[in-house]
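Structure first, commentary second.
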Amino acid sequence: MERTESARFQNPPSAYRPAPLWVWNDEMSEPRLREQLQALKSHGFGGAFVHPRPGLITEYLSEDWFRLWSEALTIAKELELKLYIYDENSYPSGFAGGHIPSQLPDCLANAVILKKWTKENWVQAREGGNTFLNKPGHPIRSYAYETSAEGVAIVTKEVSDEPISRWESYGEQFMVFEIGTPETNSWLGGFAYTDVLRPEVTELFIRTTYQPYYDKFSADFGNAIPAIFTDEPEISPGNLFQSGSNFLPFSYWFAAEFNKRNGYSLLDRLPALFMDVQGLTAAPYDAQKVRYDYYDTLRELWVANSVRPLSEWCEQRGIAYTGHYLEHSWPYPWGRSSPSVMSLYEYMHWPAIDMLMTKLLKNDESESHLMVTIREAHSAANQLSRERVLCEAYGAGGWDSTFEDYRRIGDWLFVHGINFMNQHLTYSTIAGARKRDHPQSFDWRQPWWEEYTLLNDYFARLSLTLSAGVTRNRVLVLNPTTSAYLMTPDQGNPGLVSDHTGDFKRDLQLFQFLCDRHWDYDFGDEFIIANRGDVREDRFIVGSRDYEVVVIPGAMTQMRSSTLELLLRLLERGGRVLALNGKLSRVDGILDEKRIARLRNKAGWSEYEDFQRLDEALRTILTPRLAWETAEPGGYNGMAHLRREHEEGTAYYFLTNSGASAQQGTLKIEGEYAECYDAWDGTVKSIPFDREGSRLLVPLTLPSSGSILLKVTNRMPADPENGSERVEDQPPSAEWSPLTLHSSHVLAESLNMLPIDYCTLNVDGKTYDEINTLHAAQKLFEHRGFATNPWDNGIQFKRRLLDRDRQYGESSGFEVRYEFLVRGDELPESAYVGIEHAGWYRVYCNDALVESQSTVSELDPNIHEIELTSFIRSGLNVITLRASIFNVRMEIEPVYIRGEFGVFAEQERWTIGRKPELAIGTWIDQGYPFYGGAVRYSYDFQLAKPAQELLLDFPEREATILSIWLNGEFIGIVGTDGANSYHFGCNLNPGMHGLEVRVCGSLKNLLGPHHDPERPRNAAWPGCWKLAPKFGRPAAGRYDLISYGLFGHIRLNYR
């Protein structure tokens, strides 16, 4: 490795380092901007995406907003960080924080809603007066119908223009298609979402959002500001975040555009969108063709009027367009619609996805439906020669997520083609409802913040290496998304959890099978193929990639005519097409068995009924570039690889084990020489290998959640050590000898904590006793004229929330009381109460005014701590917060008692007692149930002779990460994979030495959720906290807590 290459691998530049969504959810200021950017820089991040989100106080897109953005950019440039634009106030992108719907109220997303009426519904409508049949869109169309013995709907009469009084004469069942009402939502600033199909929406979005950034920061576009991030824009049915199979996106404007493009009226064929229906006399096509045209038109309008204009605007100004759509819906085009989402990556300079939660892959689940979303983006990047593929990762993964979760999921993302890590998210503040806004947060509050630098360095090195070179896959698997256009919306529920059935479920198994067999394949999107496809000799071309084999998966029952014509050309020139079944029957939605027969009759076309035969056929054409041989039984084992080619016969292989068990075997790869690029420490290490013909045989053992990065060349280096930071693996010189660890000392790094999440609220002469603080906040806001806490999953349009403070005077005050118990005479040695925005209240403890000077809490700058030590007494204690005047930022939240004490469950209540001495075992059982910090376990050991290596074996434990310290120096971390031991070199002389293990907990036990009956792990949505009992504090034993700690003694060996 050249010196410059070595230095870059050791310390990758900022462009390749992870960059989180940096959440501006507070009143931002220059000192806080600097403090937070410095913290990100010093912990291995390469920049940040400035992400406005619920809780933002600064007016979005105002002059003040851009002034702060300018200050952040100046600081970022000083620190050599990249700053990225996030194009919305929260998400989904396209409404400009409310500016678009406020100016274009006639361009709101809407739906056609199917209602099936019985005679009783008809009677109610007939007696309902003049509303029905006299309001546009109510109905759009109506039909009398019968149901056959086979369950098929048969239209008997269109009754749209008939007086409702006559409907009874036409039957007893009716289909009524009505226009929806766009739903307003606090997440959208009180507005409804916009119709992104309308060209004027995107034109205004660019003028309102994109252009102001360019006007102010154009000199930094493409450099200090590399990219603009769009987040989950969607073709919406006008009811954000809702699901159902009886509504679809629709407007009369869309119906006119549909007619213009397809030559027939959608209005007269609405039943076909929802069912396979008979009796529609106006239909020249069957229902499947109507559905095909509907989704094809949705996608065409979205691309033409939104996706492409945004992409072109960015390209013309030298900035990358990135972000993600609703890619998890594969292959379904309904729901929060993104039909054929892979096709949209043609217009992204950095194709991107998101991957929510951190429970993925924990129990040998392949998550193949989510793997598809990664490989779609990677395939498009390969075909379009895009260097970067981004993933917004870990969102809603929970305060309890661990380093092994981050490593396991991160490796899985990278091995399938991601090379830019974008963590979701880094909170500026956790005050109020913000702490429940889809955590985890990657920030300075975490007990593992220092250790996290190592993970950032790790992913930076992977990003640098896997962004270089190219991936040239030889197999093209056609993406069957247009076949899903033929389906009805009750045949699948888009989302994060796979509910796939039939051929689509089998296709997911096929995609995983090909990955498990280490076949190199890309997906082929039919729309990208239409624009960039070709045939050269016997190769199928998509953009800059050529493929030797095309695979048609089993769910592909239809294809576009452009795809079919290219396949015919391929077969005529001797190419190979392998089809998994014989169900292909439609072209452009129309049944066309004659054209399909032309394909099947070509010599290079082969059909197979099972995966094994398909694999055998592939092996007659190609040889896998990598083979993993193991004595373990076949099937999914979590092993996957990515290959990046460089010039002169060099390739980098990234091999991962995402399974729950360690894998041991032999890696077979073409080449003459291999070495390990250690992404953890930035060094290059020699590895043992043998040769078998032209292949290297590399023996490997990968723990669960483990991985390895190899550089393979086609010739032996003349001087393997020249220019590299090389570490040679030395053979063991002696057997391991055990050492005895002495004088275990266990010490919590921080003071203990007790959150109090139930209170008594007194407001306007009404008392709410023992109410959960989240619900108390809702009650308080109800008293002050709000439907709920406006900061909880809600954004502010302009200053609409803050301006309401003018309405509140002396009579708007309120009081909140929090109770806690102290056991007997076991008064705490010290005690402080942390209160959010403490300066807004007069604080009392046991009815005495507390006038102590407050200090800023380490937990958050908006939490101030006041000392209570001298006020606390035995038994019941009460903290009272009194506000004389309400302001709209006052959210009732838990208070946090912090100090030198223990917390114990007694008589079903959490009770403060004497500070305990910690030892081996769970922290909960030792009086630290809510502790959110780290605990240090210190040992001494005596060496009688020198030691060159140490081996630590760790007991059962619960931790986010462990770090090891020897004689006061940091050694490394344990817990990024499934290994329970840690081996490292040392040069220790005889004598006494000190070993320390730092065990990190998490903020889950402190911040919750504590009362979700499902007790979720590695997943945290705002609704989890809302499941707490509204009234009546649950018994201590019913709190959902994680038992952190070391549960046994460490074993130490040396040689």
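A few points about this structure:
- If you go through the range 924-950 and keep only what is among the hydroxyl-bearing types (Ser, Thr, Tyr) and closer than 22 Å to Leu1052 by Cα, you end up with Tyr937, Ser938, Tyr939.
- Count of residues meeting criterion [touching a residue at least 40 places away in the same chain (Cβ under 8 Å), aliphatic (A, V, I, L, M) and either within 30 Å of His993 (Cβ to Cβ) or surrounded by fewer than 18 Cβ atoms within 10 Å (Cβ to Cβ) (or both)] in the range 1014-1055: 5
- If you go through the range 231-283 and keep only what is polar (S, T, N, Q) and over 34 Å from the mean Cα position of the chain (by Cα), you end up with Asn259, Asn262, Ser265, Gln278, Thr281.
- Restricting attention to the range 28-43, the residues that are over 23 Å from the mean Cα position of the chain (by Cα), buried (at least 17 other Cβ atoms within 10 Å of the Cβ) and not in a helix (DSSP H, G or I) add up to 1.
- Note on the range 627-655: residues that are buried (at least 17 other Cβ atoms within 10 Å of the Cβ), modelled with pLDDT of 95 or more and touching a Lys or Arg at 6+ places or on another chain (Cβ under 9 Å) total 6.
- The set of residues in the range 311-330 being over 20 Å from Ala224 (Cβ atoms) and in contact with a Phe, Trp or Tyr (Cβ under 6 Å, 6 or more places away or on another chain) consists of Ser311 alone.
- Unique residue being closer than 30 Å to Asp87 by Cβ and in contact with a strand residue (DSSP E or B) (Cβ under 8 Å, 6 or more places away or on another chain) when the list is Thr156, Thr184: Thr184
- Considering (1) closer than 15 Å to Gly902 by Cβ; (2) surrounded by 14 or more Cβ atoms within 10 Å (Cβ to Cβ), the lone condition that Glu917 does not fulfil carries the number (2).
- Among the candidates Tyr143, Tyr170, residue that is touching an Asp or Glu at 6+ places or on another chain (Cβ under 7 Å) and aromatic (Phe, Trp, Tyr): Tyr143
- Counted residues, the range 421-463 - those being closer than 13 Å to Phe403 by Cβ and either part of a loop (DSSP other than H, G, I, E, B) or in the same structural domain as Ile863 (by TED's automatic domain parsing) (or both): 5
- As a summary of the residue check, Ala76 satisfies the conditions (1) surrounded by fewer than 23 Cβ atoms within 10 Å (Cβ to Cβ); (2) not in a loop (DSSP other than H, G, I, E, B) except for the one numbered (1).
- Which numbered condition Glu969 misses (of (1) exposed (fewer than 14 other Cβ atoms within 10 Å of the Cβ); (2) under 30 Å from Leu741 (Cβ atoms); (3) in contact (Cβ under 8 Å) with a residue 24 or more places away in the chain): (3)
- Strands (runs of 3 or more DSSP E) lying entirely in the range 947-1005 (those with 2 or more residues that are out of contact with any Ser or Thr (no Cβ under 9 Å at 6 or more places or on another chain) and within 26 Å of Tyr406 (Cα to Cα)): 961-966, 981-988
- Residue in the range 759-791 that is surrounded by the fewest Cβ atoms within 10 Å (Cβ to Cβ), counting only those that are part of a helix (DSSP H, G or I) and either assigned by TED's automatic domain parsing to the domain that holds Cys1024 or of a type outside the set (A, V, I, L, M, F, W, C) (or both): Glu782
- Note on the range 649-690: among residues that are within 21 Å of Gly469 (Cα to Cα) and hydroxyl-bearing (Ser, Thr, Tyr), the one that is nearest to the chain's Cα centre (by Cα) is Thr656.
- Selection from the range 204-263 of residues that are in a helix (DSSP H, G or I) and free of Cβ contacts under 8 Å to residues at least 24 places away in the same chain: Arg207, Gln211, Asp215, Ala219, Ala255, Ala256, Asn259, Lys260
- Some residue of the range 518-536 being in contact (Cβ under 8 Å) with a residue 24 or more places away in the chain and touching a Phe, Trp or Tyr at 6+ places or on another chain (Cβ under 6 Å): no
- If you go through the range 301-322 and pick out every residue that is part of a helix (DSSP H, G or I) and of a type in the set (Phe, Trp, Tyr), you end up with 2.
- Filtering the range 86-95 to residues that are of a type outside the set (S, T, N, Q) and either over 22 Å from Thr426 (Cα atoms) or in contact with a Gly (Cβ under 6 Å, 6 or more places away or on another chain) (or both) leaves Gly94, Phe95.
- Considered as a group, the residues in the range 335-374 that are polar (S, T, N, Q) and in a loop (DSSP other than H, G, I, E, B) include one that is surrounded by the fewest Cβ atoms within 10 Å (Cβ to Cβ), and that residue is Asn363.
- Selected residue (criterion: farthest from Lys766 (Cα to Cα)) from residues of the range 802-830 that are in a strand (DSSP E or B) and of a type in the set (D, E, K, R): Glu819
- Residues of the range 480-512 satisfying the condition of being under 23 Å from the mean Cα position of the chain (by Cα) and assigned to a loop (DSSP other than H, G, I, E, B): Gly492, Asn493, Pro494, Gly495, Leu496, Val497, Ser498, Asp499, His500
- Any hit, the range 820-827, residues being without any contact (Cβ under 8 Å) to a residue 24 or more places away in the chain and more than 38 Å from the chain's Cα centre (by Cα): no
The values are calculated or read from the model by the stated rules, or taken from the named source; none is laboratory data. None of the values given here were measured: they were computed from a predicted structure. Neighbour counts run over all protein chains shown; Cβ positions are idealised from the backbone, glycine included.
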